[in-house]
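Q: After the C-alpha cells below, expect a handful of questions from me.
Bear in mind these aren't lab numbers, they're just calculated from the coordinates by the rules spelled out. It should be emphasised that the depicted structure is a prediction, and the values quoted were computed from it without experimental measurement. Positions of Cβ are generated from backbone atoms using ideal geometry, with glycine treated the same way; all protein chains shown enter the neighbour counts.
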Amino acid sequence: MRFARYLDESATVRVGVVGDDVVHVIDGVSDIVALFDANAETLRQAGAAALKRATGVTPLEGLDFLAPLEPRTVRDFYAFEAHVRAGRTWRGLEMDPLWYEQPAFYFSNPYAATGEGDVPMPPGCSQFDFELEVAAIVGVGGANVSPREGEELVIAYCVMNDWSARDVQQHEMKLSMGPVKGKDTATGLGPWLVTKDELDDVREGNGFHLEMSCRVNGRPYSRALWSDVYWSFGEMVSYAARGTEVRPGDVLGSGTCGTGCILELCQTHSPEQYPWLVCGDEVVATVERLGSLRNRVVPGRELVNLRTSS
C-alpha cells in the first residue's frame, strides 16, 4: 500500500491510501505514525478499510502533498560506496577501511521535513544542492537488534532528498562538528510511503533492483540503482539501535547514491556542466515504485548575524 499525507480543500491535514489516480482518506487521522505506533498491522488494516469505503475519495491531481509523516528522529547514513569513493578520490584520498566496518550517520532536523512544493534557499547559502536518497521508516520499536531484526522493524520506504547548503556545510565542518546548519533547512520526504511488501519481488543484494534518478529543470542529472547500496537498511537499523533504541516514526536515510548530488557531479565533470541550484530551479527526485518528489527552489530568509561588528 501507498500512504500519503496532504492538505484537503479546507487546508486540513489528511492521511489517505493512494490508488491509481485517487486517494482514499483515513478518517480522524492526521499523523500516520499513530496507525503503527503499537502494531504495524494497524496501518494495513486502516488502509484496507479506507479502500472499501465509497466516500472520502479525492483525485490525486492538484493535491498538496506534505511529508508523509512527522519524523520522530532523522538519521542520515552514508551507505553508497560510489558516492563515498567519488568524494574521497576527488580529494586525493583512499577509501577509509573503517567505512566498511560500520555505517556512519548523522542526526538531521526532524522539524525540517517537507513534502512537495517550495524549498527555501538556506540563509547565507550560494551553493545549494540536492541529494538523492531512499528513506526507511521504522514501524515497530526495538533496541540492540540484529540486522535481520532491524529489517523487520522497517514498515515502509519513501524518496528522500537531503537538501544541502554546501558552502555553509564546508565552513562549519572545519570545526570538526556537523553537518549542522548545512543540512538544517529542508529534508524532502515523499510523495508517499510505500509499505515494504510492495517491493519484495525486486529484492536484490542489500537493497532492491529499482532505479534512482534526479532531474533539474527537466535535465537528467543522477542515475543509480538502489541495489548498489553497500549497507542494508537492516544493518543501518541495527547500528542505530546499538546501545539505545529506535522507535516508530524514526526515519533513516540511505545517504546519497552514486551521481546523486551536484557536489559529486561538478567534481567528476565540471561546475559549468552541473551548476549549483538557484531560485526557480525545479528538482524532481525519483525512485522507481516509490514515486517522484517534486520541489522548486525559492528565496529563503535573510541571514541574521550573531554579532554586529564594532
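Q: State whether region 160-310 is rounded, prolate or oblate according to the following rule on the C-alpha gyration tensor (a ≥ b ≥ c being the square roots of its eigenvalues): a/c under 1.5 gives rounded; otherwise a/b larger than b/c gives prolate, and the remaining case gives oblate. Walk me through the intermediate numbers first.
A: Details: a/c = 1.90, a/b = 1.33, b/c = 1.43.
Oblate shape, in that a/c is at least 1.5 and b/c is the bigger or equal ratio.
Q: Find out how many positive minus negative residues lie around Gly253, taking Lys and Arg as positive, Asp and Glu as negative, among other residues whose Cβ is under 10 Å from that of Gly253.
A: Numbers: positive: Arg75; negative: Asp76, Glu131, Glu133, Asp162.
Once positives and negatives cancel, what remains is -3.
Q: Based on Cα coordinates alone, diagonalise the gyration tensor for region 1-109, multiply each eigenvalue by 5, take square roots, and list the semi-axes in whole Å, largest first. Walk me through the intermediate numbers first.
A: Details: eigenvalues 310, 52, 32 Å².
Semi-axes from the Cα gyration tensor: 39, 16, 13 Å.
Q: Straight-line reach only, C-alpha to C-alpha below 22 angstrom: list the lysines that Lys196 could link to, leaving out same-chain residues fewer than 8 apart.
A: Lys52
Q: Sticking with this one: Work out from phi, with θ = phi - 60° and the Karplus expression 6.51 cos²θ - 1.76 cosθ + 1.60, the ³J(HN,Hα) of each residue of region 64-72, listed in order in whole Hz, and give x for Gly and Pro.
A: Karplus values, whole Hz, x for Gly and Pro: 8, 7, 8, 3, x, 8, 8, x, 7.
Q: Subtracting the Cα-Cα distance from 0.36 nm times the residue separation, let me have the gained length for Arg91 to Asn217 in nm, one decimal. Before the final figure, lay out the partial values.
A: On the way: separation 126, 0.36 × 126 = 45.36 nm, distance 2.92 nm.
Between Arg91 and Asn217, full extension yields 42.4 nm more.
Q: Another question, then. Estimate the FRET efficiency between Ala49 and Thr308 by the formula 1/(1 + (r/R0)^6), using the beta-carbon distance for r and 51 Å for R0, to the nearest 0.05. If you can, show how the numbers build up before the last one.
A: On the way: r = 59 Å, r/R0 = 1.15.
Rounded to the nearest 0.05, the efficiency is 0.30.
Q: May I pose another question? Under 5 Å between amide hydrogens, which residues at least 5 positions from Tyr78 or on another chain qualify, with H placed 1.01 Å from N in the peptide plane?
A: It is Ala104, by chain and number.
Q: Now, a different point. Once the piece of chain linking Asp20 and Lys174 is laid out straight, how much longer is it, given 0.36 nm per residue of separation minus the C-alpha distance between them? Can you show the working numbers first?
A: Numbers: separation 154, 0.36 × 154 = 55.44 nm, distance 4.80 nm.
The Asp20-Lys174 span can extend by a further 50.6 nm.
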